[in-house]
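S.K.: The structure under discussion is supplied below as structure tokens; questions concerning it will follow.
The values are calculated or read from the model by the stated rules, or taken from the named source; none is laboratory data. Worth saying up front: this structure is predicted, and the values here are computed from it rather than measured. Here the Cβ is made from the backbone with ideal geometry for all residues, glycine too, and neighbour counts use every protein chain on show.
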Amino acid sequence: MIKLNFIPEQQRKQRAGIVGEDFGGIPGEVIIGIFVALVGILIFAHTALAGVAVYKLTSYKILEVRWNGMAGDKKACDGVADELKVLQARMNSLRPITVIPQFHWARLLNDISDSVPKGVWLREIIFEKGSMSIYGSSVSKMKTEMVETGNFVASLKEKFSIQESFAGVDVDSIQRRENTAVSIADFNLKAKGK
């Protein structure tokens, strides 16, 4: 269907728009459309940002729960790390005596072990600054603990590994314990390095 309007444009009745008049040559409907679109975009952006914030907060809470769950493991790990530091310090203190090429530890300790007579007990062997200290006790029902200590020293002096590494073995101190049912003598032997 074709509509013809022969009235000149200046004399025609202007139809009022939904909003009313135009603003700066832009119809009111377009302005309302733009306004509604901007409000829609702002609502969408606000909703999206709120969703991201909720997601981040949830992720944070999950990570916080995991972190708190690892507190026991972290404490155990810290304990192992501290123990490792102590062991490394001990290893570093042993390093100077283990790098001596002419010193044969296995043979030396084997010779000491072979020299120990019946009734003699070793408590401690200390290697320090090229010398060796042996702490022990001699026990005897026949009151021969002093003799057994002397036999131990004599046996040590005959061993090749002792002769090779030390200038000699001497009794540094020997002390008999009183008020015991069995005779006990505590001794300290010193071997100075060559």
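S.K.: State whether the residues of region 78-101 include one that is more than 31 Å from the chain's Cα centre (by Cα) and either modelled with pLDDT under 95 or surrounded by 10 or more Cβ atoms within 10 Å (Cβ to Cβ) (or both).
M.R.: yes
S.K.: Continuing with this model, one more query. Inside region 130-162, can you point out the residues that are within 17 Å of Glu178 (Cα to Cα) and under 44 Å from the mean Cα position of the chain (by Cα)?
M.R.: Gly136, Ser137, Ser138 - these are the residues of region 130-162 that are within 17 Å of Glu178 (Cα to Cα) and under 44 Å from the mean Cα position of the chain (by Cα).
S.K.: Report, by residue number, each residue of region 153-194 that is at positive phi and surrounded by 13 or more Cβ atoms within 10 Å (Cβ to Cβ).
M.R.: Gly168
S.K.: Among what's in region 128-152 and is aliphatic (A, V, I, L, M) and crowded, with 19+ Cβ neighbours inside 10 Å, pick the residue that is modelled with the lowest pLDDT.
M.R.: Within region 128-152, the subset aliphatic (A, V, I, L, M) is 132, 134, 139, 142, 146-147.
So of that shortlist, the ones also crowded, with 19+ Cβ neighbours inside 10 Å come out as 132, 134.
Details: Met132: 89, Ile134: 94.
Within region 128-152, the match that is modelled with the lowest pLDDT is Met132.
S.K.: While we're looking at this one, here's another question. Would you mind stating whether Ile43 is farther than 30 Å from Ser155 by Cβ, in a helix (DSSP H, G or I), more than 28 Å from the chain's Cα centre (by Cα) and at pLDDT 85 or above?
M.R.: The answer is yes for Ile43.
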